[in-house]
Amino acid sequence: MTRPFIIAIDGPSGSGKSTLSRLLARELNLLYVDTGSMYRAVALAVKRAGVDTSDAQAVAEVARRASIQLEGDPDSLQVRLDGRDVSEEIRTEEVTHTSSVVSTIPEVRREMVRQQREVGTCGRGVVLNGRDIGTVVFPEADVKFFLTALPEERARRRFEEERVRTQDINYDETLADINARDRRDSTRADSPLAIAEDAIVIDTSELSIEDVLRRMLEVIGERRAGQESDD
Ligand code: C5P
């Protein structure tokens, strides 16, 4: 049996990771794992359990007990927490903030990484996106991308995205939030956001989604062709 083909996509929030991972998974008919939504589900479980995020042990216990499942095809990925669809609930501002905090706890990361490895190694291949996929979860991934963009551009994207959902949003606050999350992601002791040595870095600030997708598909095609000729 051939081993699964693993594509790792890392980068800060608003860099285009989710959109491009979804498009790639669909185009290549691979499983799609949005690891950020797993940390978001933990944050929601913590909130529901009434646990204080400063109590690392209690948060880790919630993470271990929570049943988190990602279901459906890439275009309509459903996130289930203990059997219930929480896809909408995990997108609130509060959960976004809490997910960034609970993801700094090493025991939480250990549990999520374990689950991500389990999902990633069953099936014919997978596209995973997150912050530590190419560095920690699958350092042996077949292709690694690191997507990035200027903070102002990422804030603009997030702002446009959220404005459809709510009037209660302001660009300056969105930018401040992006900067705060970047800082927490990049400075945490355990698995900080970092560019894997062998990752292909794409700055999406001035590129269209189609341009980035084309570039990624080219790289994947070359990598696959190289692997076939090695076999
Ligand atoms: O990607 P998304 O914004 O949905 O992720 C939510 C939070 O989970 C991020 O702010 C980040 O701190 C954390 N995260 C992480 N490692 C991952 C994916 C997400 O620490 N692999």
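What the table shows:
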item: Residue match in region 82-95 (condition: among the polar types (S, T, N, Q), crowded, with 21+ Cβ neighbours inside 10 Å and farther than 21 Å from residue 189 by Cβ); result: no
item: Residue in region 58-74 that is at pLDDT below 95, of a type outside the set (Asp, Glu) and surrounded by fewer than 17 Cβ atoms within 10 Å (Cβ to Cβ) present; result: yes
item: Index of the failed condition, residue 75 passing every other in (1) part of a helix (DSSP H, G or I); (2) over 20 Å from residue 14 (Cα atoms); (3) away from the ligand (no atom under 13 Å from the Cβ); result: (2)
item: Pair list, Cβ under 7 Å, 6 or more apart: region 7-21 residue farther than 17 Å from residue 177 by Cβ and in contact (Cβ under 8 Å) with a residue 60 or more places away in the chain, other residue basic (Lys, Arg) and within 8 Å of the ligand (Cβ to nearest atom); result: 9/17; 10/131
item: In region 13-37, residue surrounded by the fewest Cβ atoms within 10 Å (Cβ to Cβ) [restricted to those that are modelled with pLDDT under 95, near the ligand (Cβ under 9 Å from one of its atoms) and not in a helix (DSSP H, G or I)]; result: 13
item: Residue list for region 114-129, filter: in contact with a helix residue (DSSP H, G or I) (Cβ under 8 Å, 6 or more places away or on another chain), in contact (Cβ under 8 Å) with a residue 24 or more places away in the chain and either in a strand (DSSP E or B) or farther than 18 Å from residue 17 by Cβ (or both); result: 115, 125, 126, 127, 128, 129
item: Odd one out for residue 144, checked against (1) within 21 Å of residue 3 (Cβ to Cβ); (2) over 17 Å from the mean Cα position of the chain (by Cα); result: (2)
item: Flag if residue 98 is among the polar types (S, T, N, Q), assigned to a loop (DSSP other than H, G, I, E, B) and surrounded by 18 or more Cβ atoms within 10 Å (Cβ to Cβ); result: no
item: Residues located in region 38-61, provided they are assigned to a loop (DSSP other than H, G, I, E, B) and hydroxyl-bearing (Ser, Thr, Tyr); result: 53, 54
item: Of residues in region 152-196 being touching a Pro at 6+ places or on another chain (Cβ under 8 Å) and assigned to a helix (DSSP H, G or I), the one farthest from the ligand (Cβ to nearest atom); result: 175
item: Residue in region 213-230 that is surrounded by the most Cβ atoms within 10 Å (Cβ to Cβ), counting only those that are closer than 11 Å to residue 24 by Cα and aliphatic (A, V, I, L, M); result: 216
item: Residue within region 185-200 that is modelled with pLDDT under 95, surrounded by fewer than 18 Cβ atoms within 10 Å (Cβ to Cβ) and among the acidic types (Asp, Glu) present; result: yes
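The values are calculated or read from the model by the stated rules, or taken from the named source; none is laboratory data. Since the model is a prediction, treat every value here as computed from it, not as a measurement. All Cβ positions, glycine included, derive from the backbone under ideal geometry; neighbour counts span all protein chains shown.
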